[in-house]
Every structure is written in C-alpha cells, then in structure tokens.
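Structure record follows, encoded as structure tokens.
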Amino acid sequence: MKLGIRGHLVEVAASVKELVSQRMWFALGRYQEQIEEVMVRLSDENGPKGGRDKVCRVVVSIASRRLFVSEVAPDLPAAISRAAERIGRAVSRELERIRVFRQQEKAASARQRPRRFMREEQP
C-alpha cells in the first residue's frame, strides 16, 4: 500500500504526516494487499480567516476503482481522523461488493457449463 500526503495552502509538518500515516494504517492496514495507493490531500479552504475550514480528502485506488472521501473540520487532526474512519468503512463495503460479485459470477458460470455424463458400458 503506497501512501502519498500533500498539502494545499497548509504546511504539512512531520507530526501531521505521522498522524496521517498512523490513522490510515489503522483504518486500512488489514486491506493492504488489495489497496494499490492511498492519496491524502490536506487543505485550508478559507486561508488565514479561520473557521471550520480544514479539509482532508482521501483517494484510495483499489481493483481498478477509486474511492473518494472528503471531511471538513475546525482542525486537521479531527478532519484526518474522521476521513480515515470513513474511508475504512468505504473500502470494507467495496471489497465486500467485489467478493459477492465474484461469487455470483462464479456460480453463474458453473450453471452455464454443459454437464457431460459418461455412460456405463454394458457387457
């Protein structure tokens, strides 16, 4: 699982990078084999004005699909934590959909195969 962290109009300090890494690993670690890449983008929507404007956007690439989550909060740690929780649930749901689809596809192909019976030879 490749993790990328970018900041837009906000300084991404080492402590923030460590927090992002910990939260994403906790939320997505069990799915590391299925996840290709995780991109986290942190931004400050209003700049120096203040307010509830810290945004954490997460994009996860999984099985030729992309899952997106965006979370707004008054501070970066809160936005990061909530986004990590949400993306963890989204990845879990998507992997379950993929698993069910593959099972249904496998069952359908098994039903469509012609069955050949061998006749017993009579003496």
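Coordinate-derived values only; no laboratory data. Computed from a prediction, not measured in an experiment: that's the story for all the values here. No Cβ is skipped: glycine too gets one built from the backbone with ideal geometry, and neighbour counts run over all protein chains shown.
Quick notes on this structure:
- Residues considered: Arg99, Arg23, Arg86. Largest GNM mean-square fluctuation over the chain, using C-alpha springs under 10 Å, is found at Arg99.
- Amide H within-cut-off set for Leu3, under 5 Å, with H built and near neighbours excluded: Val38
- Which of Ser43, Ser92 has the fewest Cβ neighbours within 10 Å, and the rest in rising order: Ser92, Ser43
- GNM top mover of Ile62, Ile98, Ile35 - the chain, alpha-carbon springs below 10 Å: Ile98
- Table column - 3J(HN,Hα) (Hz), the range 13-24, Karplus curve with 6.51, -1.76, 1.60, x for Gly and Pro: 6, 4, 5, 5, 4, 5, 4, 4, 4, 4, 5, 5
- In sequence order, calculated HN-Hα J values of the range 82-97 (Karplus, 6.51, -1.76, 1.60; Hz; x Gly/Pro): 5, 5, 5, 4, 5, 5, x, 5, 5, 5, 4, 4, 5, 5, 5, 4
- In order along the range 53-59, phi translates into HN-Hα couplings of 9, 7, 10, 10, 10, 10, 10 Hz, rounded to whole numbers, per the Karplus curve 6.51 cos²θ - 1.76 cosθ + 1.60 with θ = phi - 60° and x for Gly and Pro.
- Ranked for footprinting exposure by Cβ neighbours inside 10 Å, fewest first, Val60, Val10, Val69 give Val10, Val69, Val60.
- Stokes-Einstein diffusion of the range 26-83 at 20 °C, 1.002 mPa s viscosity, Kirkwood radius from Cα pairs, rounded to a whole number: 175 µm²/s.
- Among the listed options (i) 25, 19, 18; (ii) 47, 13, 10; (iii) 18, 16, 13, the one matching semi-axes √(5λ) of the Cα gyration tensor in Å as calculated from these coordinates is (ii).
- Highest-fluctuation residue, Gly47, Gly88, Gly29 considered, GNM on the chain with Cα pairs under 10 Å: Gly47
- Other-chain or far-sequence residues with amide H under 5 Å of Val10's (modelled H): Asp44
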